[in-house]
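Read-outs: derived from the displayed coordinates by stated rules, not from any lab. All of these numbers come straight from a predicted model, not from anything done at the bench. Quick reminder, even Gly has a Cβ in these numbers, built from the backbone with ideal geometry, and neighbours come from all protein chains shown.
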Amino acid sequence: MRRARRLDLPGRVQSYLTQKQAEVDNGADPGSIWERARRTKTMGIVFDVLVRMAGRRERCMYCEDSRGTDIEHFRPKRVYRDLSFRWSNLLLVCTGCNRKKGDRFPLTPSGDPLLIDPSSEDPWDYLFFDGETGLIVARWLPGSDQPDPKGQVTASDEYFQINIEAVSEGRLRTKRNLERAVNAFLQNVSPEASEDLRQAVADNNDYGLSLWFFNRDGTEEEPFCRLKDQHPNVWLQMVSLTS
Ligand SMILES: [Zn+2]
């Protein structure tokens, strides 16, 4: 996963959402209002903005493997009617993740969400990439022997396709591609090799892993740590390319 920074909607599109939300607030059924609205060109623009937020490859904001095809209500509209047409509550997901999560929204006993909202939080604050297995796991809470509950629930098989085998395999492939590119540069340092590295990192900006290896905990791993120590200028270019 990676952070998907929320973009602004065009004014008239935002007004449309506000108007539809008012209909729901006045007692209309959110499901049927949504179904009708979803077929409009205006909601097509909402979808397009979510696709832009998801990045160049237009992947699902949770598994980052399948194409983002569905508008997802982070808090389900059947439960949180007042958020049915709230822009901050809408995300882009694939059909598989959408089907899996359904209308569920797990909470802690004190009422805090147990799912990561990639449009307002950095998923890597809660998650950790296991480079051996390709799985995403919960980060351990600092100073405790407990996994972060939000990371744990988000990465579980219960809600999204984050850890199905095809996805963990894809992460391992991306990791190998990034390692190979860094090793190739370290073995043959030149301006051309530096450009090849830049290109390879841009081409493998998948699953939020280039952020992991150049900006987060993955920076400690070989060969990334060696690039950081030996070629700080090239390293800084990679950091800014991936952040
Ligand atoms: Zn997905």
Q: Go ahead and run the numbers for FRET between Asp125 and Thr69, Cβ-Cβ distance against an R0 of 25 Å, rounding to 0.05.
A: 0.40
Q.
For a 25 Å ceiling on Cα separation, which of these pairs sit above it: Lys101/Lys175; Lys41/Lys150; Lys101/Lys150; Lys77/Lys150; Lys20/Lys41; Lys175/Lys228?
A. Lys101/Lys175; Lys41/Lys150
Q: Using the Cα centre as the reference, give the magnitude of the dipole from point charges on the C-beta atoms of the stretch 168-242 (Lys, Arg: +1; Asp, Glu: -1; all else neutral), rounded to the nearest 20 debye.
A: 100 debye
**Q.** Cα centre as origin, Lys/Arg/Asp/Glu Cβ charges: the stretch 1-163 dipole, Debye
**A.** 840 debye
(Q) Quick check: the angle from helix 165-187's long axis to the longest principal axis of the chain, C-alpha only, nearest 10 degrees? (A) 30 degrees
Q.
As a test, work out the antiparallel percent of DSSP beta bridges whose residues both lie in the chain, rounded to the nearest 5.
A. 100 percent
Q: Order the peptides 182-189, 67-74 from the highest to the lowest mean number of other Cβ atoms within 10 Å of their residues.
A: 67-74, 182-189
Q: Using the Karplus curve 6.51 cos²θ - 1.76 cosθ + 1.60 with θ = phi - 60°, work out ³J(HN,Hα) for each residue of the stretch 30-35 in order, rounded to whole Hz, and write x for Gly and Pro.
A: x, x, 6, 4, 5, 4
